1. With +1 on the Cβ of every Lys and Arg and -1 on the Cβ of every Asp and Glu, and nothing else charged, how large is the dipole of the chain about its Cα centre, in debye rounded to the nearest 20?
2. Across bins of 20 angstrom width beginning at 0, how are the C-alpha pair distances of the chain distributed, in whole percent?
3. How do S711, S458, S560 stack up against each other in accessible area, from largest to smallest, with a 1.4 angstrom probe?
4. Where the accessible area of region 350-395 is counted over protein heavy atoms with a 1.4 Å probe, how much of it, in %, is carbon and sulfur?
5. Just to be sure I understand the model, the point goes 7 Å from the Cα along the line to the Cβ. What's the resulting L135 to V64 distance in nm?
6. Using a 1.4 Å probe and ignoring any ligands, DNA or RNA, find the accessible area of V170 and quote it in Å² to the nearest 10.
7. Return the Rg/Rh value of region 390-486, two decimal places, where both radii are evaluated on C-alpha atoms and Rh is the Kirkwood radius.
8. Enumerate the residues in region 209-231 having an amide nitrogen under 14 Å from the point lying 7 Å beyond the Cα of T166 toward its Cβ.
Amino acid sequence: MNKRIGFLLFVFIAGLILLSASSAAFNFYIDWLFFEETGFPGVFSTVLSSKVKTALAFSAVFLVYYLLNIYAANRINFPLRNLHIFGDTINPVQTLTVDKPVKLLTFAAGFIISILVALFGASKWEEVLLFINRLDVGMKDPVFGRDIGFYLFTLPVITTIKSFATLTVVVTAAATMLNYFLRGGVSISEKSVSLHPGVRKHVGVMGIFVFGILALNFYIDAYRLLFSGNALIYGAGYSDIYAKLFTLRLLVVLTAVSCVFFIFALIKGKYRWVVIPAFITAIVYSGGMIIYAPLLQKFKVAPNELELERPYIESNIKFTRFGYDLDRIELKPFDVAYKLDAEDISKNDATIKNIRLWDNNPLLRTYSQLQQIRTYYKFIDVDNDRYLINGEYKQVMLSPRELSYSDLPSKSWINERLVFTHGNGLAMGPVSSITKEGLPEFIIKDIPPVSSADIKVSRPEIYYGEIPNDYVIVKTKVQEFSYPTANENIYTKYNGNGGIELSSYFRRSVFAAKFNTSKILLSSDITHQSRILLYRNINERIAKIAPFLLYDSDPYMVVSKEGRLFWIMDCYTISRNLPYSLPYNSNINYIRNSVKAVIDAYNGDIKFYISDPEDIMVKVYSRAFPGLFSPLSGMPGDLIIHIRYPQGMLEVQARMFASYHMTDPKVFYNKEDLWEIPSYSDKPMDPYNTIMKLPGDNKEEYILLIPYTPSKRDNLAAWMAARCDMPDYGKLIVYVFPRDRLIFGPAQINARIDQDSYISQQITLWGQVGSQVIRGSLLIVPIEDSLLYVQPLYLAASDKVGLPELRRVVVAYENDVVMEENLELALQRLFYKGREIPVSADKIGGQQAQGAPDTLAKDAMRVYEKALQMQRQGDWAGYGEKIRELGQILDKMTK
């Protein structure tokens, strides 16, 4: 009976091992096919060889150390005797009986544990690969004088070796002592522990390794001081250098001396000497790290903090600015004059027409209602970009129309995997244009895509996108659904080279096992020319190829000159191992937007382009993976004009620069000029794109902008601009406002809008009877040497299917706040006083510019209503001013 149970257990375990091995083999084969398909077999072989080599190295070292110790333990024979364990006696016959099994089991356990160690080693492949391909940065730390490359590439490997050595020594010691204990080499009584002489010598030898690891730990801790933090700075301060660093260096020496005492005590059997090394180490550690360092900080550093901490503050500023690439930010003054007039507005016509009036969320809801076409299509995001449309440089909003498999009306394997295989086209429109109904205008719309401009979509199919889906199979006998028409459905066939060819029944069986379905193997619709498309989610797809990069959360679609659709994704190289650099989060204190990834939405082809060739991390990755990256100059010209500075990168840099624009240690210490990202409506502002002329420039360009306010204040302090157009891509400029004047910030403008009785009354009225007023993002638009504040207002039904309509635009300039139906009318009130805006195009804010008489009549009515409002409020001075303005308008109408 027992033999049968044992046999069944053996079969069960063997089956599990075989199943796991088969699954791993299938995944390995599929990954190899995927890397072959995408053109990166070298990356696959490099990662694989690195994993195998590190796994074997870690496992071999562990196994050699473990087996040598177990072999040494098994060679010692113990006389037959009673073993006393806390007063109980173990029968000698029983001890003799377990001797051979204990030897065998502890020996065999090493091979099992070595497998787990191999997995640990394989997980460290990236650290080892970076170490092998390491480079010097050319910048040294201020404490040890080591190149920064040591901290980025070498110290992580040393730390891993320490962890591995600790694991190896502890596990081996535990197994060895268990071996001795069960075989009679160790006796434990209530008063003492008795060791066989051979055991004492063996423990002494193992103790050398324990003390070696302890010394290595103190050695690493000395370098880790450069990553410590306190209330003032990140990195080693005065007390760290003059108390903790000295203590740690002393502990390295004491650990070596203590090791000698430890060996002597065990060999001579004088157990009291065993306590001495541990006691000395603990006293020195406690005295230096726990007692002396805080006392030094309290009684010497705190009373003279600025003087003593100055060099360490300088290091913190220097390395943090390097870590977040803040040194290349150019500071310029921006002296606000508020002298805008009608001529300035006309000169900045392109800026005015590209002020974004559509926010992402309202526009996404509107696109979903107007352009989703069918329930199984879905817009999941709206992107911002710029195109040269009919010869005019325009900022646009666009959203890909992807296929949502969760919303298919009839779900079956054939529908999900063979018929409904792709999304179709996109919706695109100007950022500021609106129809008379308050809806967005379209440049590209419908299925198949229809364009009203010279930008066309010739290949609208989206096989690779942002919506997750395991796989589809194309080039089958089944026609793929393309798009619906009024009378019928249109079908198509895939003509690309994406995917893995199902050229044999073996491949089909592998994928059938992978996806746990026999239909891939048995379906008669699949031929030898059929191709299976894997990793169709673009985030998952590129992360599979280059898992060592950090990917932006907002990839965006681009229409090429030939009308093909591509995704562009910003990629980051990061590290948390830069000394003295303040961490942005637990994983980042060094970051660069060094790589741009381009993914073909039809074929799934991927290219990685280096956008920051000076980044040390991407240089090392390029050495580790030759052929993976291409220079940015190799990107096609119709795509490179669409690269943009990533919003996520600017957010990180802006938050760090809010403190680290202060480069003087005294100013930094006193936080005299601390900035912050402004908030209004209980949320911080996000960076936003616009087309504008930077101060002093004569040409409009596409930039990413974010403002600053002084800490805990609402007025503006500065604004940061990231240039996105070539050849100035990546340049950062911060324009600083005068500190002796009040420049309204977003919260203050928002409050002034709320305090305007006419605007607040209208918002209250619109928000009643099942309607919802959505206040859009408040944008600060620099024009010449002035600032214009623009906020769109949307009106939608309060239910979930409410269609947001852009109904009003609020514009603030200096002390004036106006609200009109569109941007053109608001600017007329502010700068033209009833005159028509002489723009080169016939639209601003989307609606047709009115003729002069009609415009003047509307202006007269608005001024009259404003005069009546001031009369009701008792503002007789304002009432008189409006009556005079009304008279001027009426006078013009009679001429």
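1. 4400
2. Spelled out per bin, shortest first, that is 11, 32, 31, 19, 6, 1, 0.
3. S458, S711, S560
4. That fraction is 48 percent.
5. Using points 7 Å along Cα→Cβ, the separation is 3.3 nm.
6. Approximately 90 Å² of V170 is accessible to the 1.4 Å probe.
7. Checking Rg against Rh, the ratio lands at 1.05.
8. In region 209-231, the label zone of T166 (backbone N under 14 Å from the point 7 Å along Cα→Cβ) covers 210-222, 224.
The values are calculated or read from the model by the stated rules, or taken from the named source; none is laboratory data. These numbers were taken from a predicted model, which means no experiment stands behind them. Here the Cβ is made from the backbone with ideal geometry for all residues, glycine too, and neighbour counts use every protein chain on show. Surface areas here come from the heavy atoms of the whole protein model, side chains and all, with no ligands, DNA or RNA. Shrake-Rupley method; radii C 1.70, N 1.55, O 1.52, S 1.80 Å.
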